[in-house]
Each structure stands twice: as C-alpha cells, then as structure tokens.
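**Student:** After the structure tokens below, expect a handful of questions from me.
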Amino acid sequence: MEVVILGIESSCDDTSAAVSKNDKILANVTASQDIHAKYGGVVPELASRAHQKHIIPVVDAALKEAGVSLDELDAIAYTQGPGLLGSLLVGSSFAKSLAQALDIPAIPVHHMKAHVLAHFIDTGTDRPPFPFICLTVSGGHTQLLRLDGHDEFHILGETLDDAAGEAFDKAAKYLGLPYPGGPEIDKFAEAGNPRAHTFTKPRVDGYNFSFSGLKTGIVNYIEKNRRHNPDFIAQNMEDLAASIRHTIVDILTEQLVRVAEAENIQHIAIAGGVSANRGLRRTLHSLADEHGWKTYLPPLEYCTDNGAMIAIAGYFEYLADRRGQLSDVARARWKMGVRP
Ligand code: KG4
Ligand code: ZN
C-alpha cells in the first residue's frame, strides 16, 4: 500500500509543507520569517500574517517538487499544537479546508511528537529501535522521553521554566546577536574557549531541567565585567558563546546520562531545533563512545521546524487508523500523551 501525505507545519515562525510517500519524503519546502529578527523574537501577530502569505505558495512548491497532484493525496497532516494560536490557526484551517474539498482525511499532529518521529523518515540511515530515549530540545520545550512505540511516549523529565532553545536565544539577545540566537551562539562558539568563563549550573530534582537561573547568572556576570570594561562582550564574544554553549550542553547531557543509566537503555536520540547544535552533536558522539550508546541525530533539515516531520507523524496516525475531524481545534497548549 502506498500512502501519500501532505504535511503542513505552522506552529511558530516557519511555514513548511512536505509531501511523503510512505516513510520517504518527496519534497520539504520551508519559508522562514525574517521579519522577527529586528524585534529580537517572534511577534505572534506578524507570524500569523506571514503564514497567511506563505502557505499557498509553500504548499504549491512542495507538490510541484514532489511531482504529486492534489488528487493523488491520501491525507493532509497538520500541526494541531502546541504553538502560537494565531499561527496554528492558519495551518489548521488551511489543512482542514483543503482536505474537506478533496474529500480526504485531515490528520491533527502533536508538534513535539513529530520532532521525535522525524527519526523514522527513510534517510538511508538506521532508525532507533524501541525502547529508546529521546532528548527533545526546541525553542518551547525541553524533554527527556522514553519511546516504547510510535505512539507510546513517556515523559521522564522536562524543563521547569525556560526551554533550552529559549536559553540560547535569550543569552544571544543579551550578547547583541540577532534572533534566532541559537545558531549565532553556535557559530561564535566554534572559535572560542568553552572553559574561559564559568556559569553556575542549577540543581534540579529528578530528570528535570531549569534554565532561568542560568540566564540571570549570565546577565550578572557580564554586567560585572562591563563595569570595568565596556567592550567586554565584543572582546570576548567567541569565549562567551563557547562557555554558554558548553554550560547548556552540560546541563542537558548530564540528565541524559542519568536517565539512560536508570532506564538501562543504550539507544539515544536527540530531536528539535537545538539538536542542530554542533556542540551538542559532538558531545553526544563522545558520550556514545564512553557509554557504549548508539546515537541517532536527525539530518539538519529535520531538526528545526519542518513539514516533513508532520507528514511522517501523520503517516503513523494514518497507519493506526486515526483520523481527525472538521471540529478539531488548534491547541496552543497541549500536553503530550493527552488526547484532545
Ligand atoms: O524546533 P524549533 O525549530 O522550533 C520550536 O519548536 O521551538 O526550535 C527552534 C529553536 C530556537 O530556540 C533556536 O535558537 C534553536 O532551536 N536552534 C539552535 C540551533 N539551531 C536552532 N540552538 C542552538 N544551536 C543551533 N545550531
Ligand atoms: Zn519545533
């Protein structure tokens, strides 16, 4: 059986559409929104307007690139949540309307589950076997998950305040770098010394995370140094970026090691926008050597928000005979594992 799915992602500031045939991606087209850079973060109202402008051209381009016509689609999968409500509404109403017009099912998808399920896209590399641990790190979430099946997600730990991506973005903003700051810090960090500056790591119960204290620690440390040297940031950009990245990666991987040991699982994956981070990817490789892990790192195009992960998540829903309804509503907040 061949299942052709159009996947639509619009939860934040990327409008993305992909076409899948079973677990293969035929096209994955994304329009990013540069408009937010000058505001230092995503402006929700501008994001939803930009989604409205981009959604038809992006879907059109994905179908053309895939060589698939609308009447060949078996279903349309879309991000139902979590995310910015105004942004979700654009993708979800577009997907439901088009599915209704074509008389095919619209399949609502959980954005964070889709980040993890991107590992099951056929890219020619090994896919993680169940059970495996996934560290999911994005701009809005930071979670340690145990997966026992394509729809069996168990949250073992999560952030109590800011997400890892948010920590990168806030630190970058403070250093005067544009939004999104994660890739900027990653770039400067490559040329810096990760041990030049020391930031205190939080103490957190269980397998949870906390990043808000780190942000305050970074601000206080830099302010103290700027009192003596107003050019402190400019003169230390690489070392500051490297030290911040090192601290965030340390906080993430310390809990990952603990959880992998407690669960006695050696198959370890990462997912979400921050999984594009070069420091995190390298650290994972060395932890794999140290602990005998087999690690799974998504290709860069499937780390940050993309339609392909929505299409593949929709494919597994389709195989499990789960379809959506016209009455499904966008869900800005949606805890994983809770059915609407
Ligand atoms: O998964 P994603 O595209 O969107 C959400 O679901 O939030 O993640 C976006 C986050 C942003 O915070 C961005 O700064 C971060 O991922 N990010 C990175 C890198 N690339 C993206 N953080 C650190 N290093 C990177 N290379
Ligand atoms: Zn995301």
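**Student:** Tell me, what is the FRET efficiency for ARG227 and PHE120 to the nearest 0.05, using R0 = 51 angstrom and their Cβ-Cβ distance as r? Please report the intermediate quantities before stating the final value.
**Tutor:** Working: r = 52 Å, r/R0 = 1.02.
That pair, ARG227 with PHE120, gives E of 0.50.
**Student:** Would you mind getting the accessible area per residue of the chain, heavy atoms of the protein chains only, 1.4 Å probe, in Å²?
**Tutor:** On a per-residue basis, 44 Å².
**Student:** Sort GLU184, GLU65 by accessible area with a 1.4 Å probe, largest first. Mind dumping the intermediate values first?
**Tutor:** On the way: GLU184 40, GLU65 120 Å².
So, going from the largest accessible area down, we get GLU65, GLU184.
**Student:** With no solvent and one equal point scatterer per Cα, compute the Debye intensity ratio I(q)/I(0) for segment 38-133 at 0.12, 0.14 Å⁻¹ and report its log10, rounded to two decimals.
**Tutor:** Values, matching the q order: -0.52, -0.69.
**Student:** Give me the percent of the accessible area of the chain that comes from carbon and sulfur atoms, probe 1.4 Å, all protein chains in place.
**Tutor:** In the chain, the share of accessible area belonging to carbon and sulfur is 49 percent.
**Student:** When the helices in the chain are scored as -39500 (n - 2.57) per DSSP H run of 4 or longer and the sum is shared across all residues, what 222 nm value do you end up with, to the nearest 500 deg cm²/dmol?
**Tutor:** Values: 9 runs with 144 residues, N = 340.
Theoretical 222 nm ellipticity from helices: -14000 deg cm²/dmol.
**Student:** Suppose a student asked you for the relative contact order of the chain, using Cα pairs under 8 Å spaced at least 6 residues apart; what percent would you report?
**Tutor:** Working: 723 pairs, mean separation 85.6, N = 340.
Relative contact order, the chain: 25 percent.
**Student:** For the chain, would you read off the P(r) tail past 33 Å as a percentage of all alpha carbon pairs?
**Tutor:** So the pairs more than 33 Å apart make up 28 percent of the total in the chain.
**Student:** Please turn the phi angles of segment 183-195 into ³J(HN,Hα) values with the Karplus equation 6.51 cos²θ - 1.76 cosθ + 1.60 (θ = phi - 60°), one per residue in order, whole Hz, x for glycine and proline.
**Tutor:** Rounded to whole hertz, the list is x, 5, 4, 4, 5, 5, 4, 4, 9, x, 9, x, 9.
**Student:** Please report the Cα spread of segment 185-283 along all three principal axes, rounded to whole Å, starting with the longest.
**Tutor:** Answer, in whole Å and largest first: 49, 27, 21 Å.
**Student:** If you don't mind, there's one more thing I want to ask. Could you sort 189-201, 22-34, 112-124, 221-233 so that the peptide with the highest average Cβ count within 10 Å comes first and the rest follow in order? Can you show the working numbers first?
**Tutor:** Working: 189-201: 15.4, 22-34: 18.2, 112-124: 21.9, 221-233: 12.5.
With the highest mean Cβ count within 10 Å placed first, the list reads 112-124, 22-34, 189-201, 221-233.
**Student:** Order the peptides 142-149, 304-311, 269-276 from the highest to the lowest mean number of other Cβ atoms within 10 Å of their residues.
**Tutor:** 304-311, 269-276, 142-149
**Student:** Give, in nm to one decimal, the length gained when the segment between ASN22 and GLU152 is fully stretched (0.36 nm per residue of separation minus the Cα-Cα distance).
**Tutor:** The span from ASN22 to GLU152 would gain 44.8 nm if fully extended.
**Student:** Cα-based Rg of segment 96-148 per 2.2 N^0.38 Å, rounded to two decimals? Each step should come with its number before you reach the end.
**Tutor:** Numbers: Rg = 14.8 Å, N = 53, 2.2 N^0.38 = 9.9 Å.
Segment 96-148 yields a ratio of 1.49.
**Student:** Sort 7-14, 165-172 for me by packing, meaning the mean count of neighbouring Cβ atoms within 10 Å per residue, highest on top.
**Tutor:** Descending mean neighbour count gives 7-14, 165-172.
The values are calculated or read from the model by the stated rules, or taken from the named source; none is laboratory data. What you see is a predicted model, and the numbers here were worked out from it, not measured in a lab. FYI the Cβ positions are ideal-geometry reconstructions off the backbone, even for glycines, and counts take in every protein chain you see. Keep in mind that these areas ignore ligands, DNA and RNA; they rest on the heavy atoms of the full protein, side chains included. Shrake-Rupley method; radii C 1.70, N 1.55, O 1.52, S 1.80 Å.
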